[in-house]
Structures are given as structure tokens and as C-alpha cells.
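Read through the structure below, which is laid out as C-alpha cells, and then see the notes.
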Amino acid sequence: MVNPINNTFTKTLSKTLISLALITSFTASSQVLAEQEQIALTGEIKQGGLLVGKTLAQNTVTLNGKVITVSKSGDYTFGFSRDDKQSYQLVITSVNGDRVEKTLMPQKRSYNIQRIEGIKKSIMQPNPKSVARARQDSKQVKTARKVASSLNYFAQGFIPPIEGIITGVYGSQRVYNGVPKNPHFGLDYAGNTGDPVQAPASGTVLLWVPDMFYSGGTMIIDHGQGVSSTFLHLSNSYVKQGDTVEQGQVVAAVGKSGRATGPHLDWRINWFNVKIDPALVLKIQPLL
Ligand SMILES: [Zn+2]
């Protein structure tokens, strides 16, 4: 099947300029149009990175041929998974059919792998009731992360949810008795039970469950277009599902609920089902 967008492939760039914060690849022809329009992209082009772009609201944005939502103010976003090895073609097409495109190759990262031997069977194999509960929990989380709202709060940048020391990072993985476990996708902050947790960006509360099997008190906040924050092991929530929250608003309390060794905050960022590194979203500079 021929992608209709490819029909405009040979058209010259005439009205749109793409400017990438981290990649500079401007052609002479695009320079001419810099004063008329500017499309910008910010974020880190690496595994676990989230990119935030701005274009004219009426333009069409595709990533490897898949249309990406553009908000009324022109914001769009997409991200790369922990082990992403593919290259991406970002194409922006104006209503006149003029287009700009850019190849993005997420930079490879290396993660901390820890090998642990001699783990007891009881820890490695939870009972069937717990397995069923955990499966139900994960279904709920997955459903919440599928929400594609028109909110564009992700474009305003993120702040750390608490002031604690970072005790766990994105991408790290433990191998128990030779069996690799799921990598750790959150940013762990040290904290005490009851410490206030603030919303890293504004949004809508998609989910609050006080007692998930592994993650205990679990909250998901939608920041728009598939970008969500998840907090794990919470001891309390000060908001409920459907509430609108402001960046910096105290929404929950640190805890050690679920399978946590001690009180801490585990903060995760997703772009739909793609697990993003929260440490990288903290570096995103909002585009004006
Ligand atoms: Zn964690």
C-alpha cells in the first residue's frame, strides 16, 4: 500500500522550517522560511527519551507513517523504549502538502545489570491468588495508559515529585538465579511514609488503587496525548479518579505499600505503553 504522504515526497520545502534542539540539520532552503514559521522539537533522542514538538495546529505529524496527535496549540509528543533500536522518520506536512522530514535514531544506552544467586523459591513464585490479583492490576494499569486525551500539559515540562535522594534508576535489571527479571522503569526516591508527593506536571487523575499486589497504592496521572505519570507504593491519595491536578499540587503520600522493602517513591513516565525515563523528562525545556 502506498502511503499518500509519499506523494508529496518530491515537493520542495517551501513554507516550513524544522528546528531540532539537539540535532542541527538545516538546509539552505529552509532558512529562507525561518521567519514565517518555525517547528521545534525538544527532548533527548536516546533510548527512554521523550520528545516534545511544536508545529502549526493544522499540520500533520507522522512517525514512521503513523499519525501523531497535534494539540490545538500545536504540541505533539512521542518517545523511545528502553531497548529501542529502530530508526524513526518524523514527517510534518502542511495543509498545502509541503513537508519536512527528519530521521531520528535513538542513541543506545547501557544499563546497570545486577546478578543475584540463591534466591528462595517462595520469593520467586507467588501463590496463584496473588498471581491472579497481579494480573488484574496490570490490566487496569495498561487500560489507563491507553488513554489518548487532548491535554497538552506534557509540553510545559516536569518537576520532580519529591525532594528525595534518587535510589533507583530507569533501565536497571536484576538477574535472579540466572533468570532476568523485568527491568526497573521508575525513578526511585528515598522518602518517609507520609511525605507529600506533588504532580510533576498538570493533568487528570486516571487511576487510584490503594492496594495493588506489587505496587500497593498506585496512582496514574494523564498529562495528555498518552503521556502519563505513575506513582507506586503510596500510603495515601489526596485526589480521586477524574480530578484535575495542577503541576506542584500535593496529590499523594509516600509509602511502602505492596511489595516494597521500605518507604520510597517510584515514579514512572509512559508514552502509552512505551516506558520512558523520568530522569530524561525532567530535562525537557518547554518550547514557547
Ligand atoms: Zn522502584
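What does the convex hull of the Cα atoms come to per residue for region 113-281, in Å³? Display every interim value, and only then the final one.
Details: hull volume 18.0 nm³, N = 169.
Normalising the Cα hull of region 113-281 by residue number yields 107 Å³.
Which value results for Rg/Rh of region 77-153 when Rg is the Cα radius of gyration and Rh the Kirkwood radius based on the inverse mean 1/r? Intermediate results must be reported in sequence, preceding the final value.
Details: Rg = 20.9 Å, Rh = 17.9 Å.
Looking at region 77-153, the ratio lands at 1.16.
Taking loop as defined by DSSP and a crowding limit of 10 other beta carbons within 10 Å, which trypsin sites (Lys or Arg not before Pro) in region 178-263 fit? Walk me through the intermediate numbers first.
Numbers: sites: 181, 240, 256, 259; in loops: 181, 240, 256, 259.
Filter output for region 178-263: 240.
Run the numbers for residue 83 and residue 167: contour at 0.36 nm per residue of separation, minus the present Cα-Cα distance, in nm. Don't skip to the end; give the middle numbers.
Working: separation 84, 0.36 × 84 = 30.24 nm, distance 2.19 nm.
Fully extending the segment from residue 83 to residue 167 adds 28.1 nm.
Per residue of region 253-266, in order, report the coupling 6.51 cos²θ - 1.76 cosθ + 1.60 (Karplus, θ = phi - 60°) as ³J(HN,Hα) in whole Hz, putting x for Gly and Pro.
Each residue's phi maps through the Karplus curve to give 10, 4, x, 9, 5, x, 8, 10, 7, x, x, 6, 10, 10 Hz.
Quick one: Karplus J couplings for region 50-58, per residue in order, coefficients 6.51, -1.76, 1.60, θ = phi - 60°, nearest Hz, x for Gly and Pro?
For region 50-58, the Karplus curve yields 10, 10, 10, x, 9, 8, 6, 4, 7 Hz.
Please give, to one decimal in nm, the separation of the simple spin-label points placed at residue 138 and residue 244, each 7 Å out from Cα toward the Cβ.
About 3.6 nm separates the two model spin labels.
In percent, how large is the relative contact order of region 119-202, given Cα pairs closer than 8 Å and 6 or more residues apart?
For region 119-202, the relative contact order is 30 percent.
Under the definition of Cα pairs under 8 Å and six or more residues apart, what whole-number percent is the relative contact order of region 113-281? Mind dumping the intermediate values first?
On the way: 430 pairs, mean separation 42.6, N = 169.
Answer for region 113-281 is 25 percent.
Residue 146 to residue 129: extension gain in nm, 0.36 nm per residue of separation minus the Cα-Cα distance?
3.5 nm
What does the highest-first list of 166-172, 85-91, 128-134 look like by mean Cβ count within 10 Å?
Most protected by this proxy first, the peptides run 166-172, 85-91, 128-134.
Could you go through region 206-222 in sequence order and give the Karplus-derived ³J(HN,Hα) for each residue, using 6.51 cos²θ - 1.76 cosθ + 1.60 with θ = phi - 60°, rounded to whole Hz, and x for Gly and Pro?
8, 7, 9, 10, x, 9, 5, 4, 7, 9, x, x, 10, 10, 10, 10, 8
How many nm is it between the label spots at residue 56 and residue 236, if each spot is 7 Å from the Cα in line with the beta carbon?
The two pseudo-label positions are separated by 5.2 nm.
Values quoted throughout were computed directly from the atomic coordinates according to the rules given, and no laboratory measurement underlies them. Note that the coordinates shown come from a computational prediction; the quantities given were computed from them, not determined experimentally. All Cβ positions, even for glycine, are placed from backbone atoms using ideal geometry, and neighbour counts span all protein chains on display.
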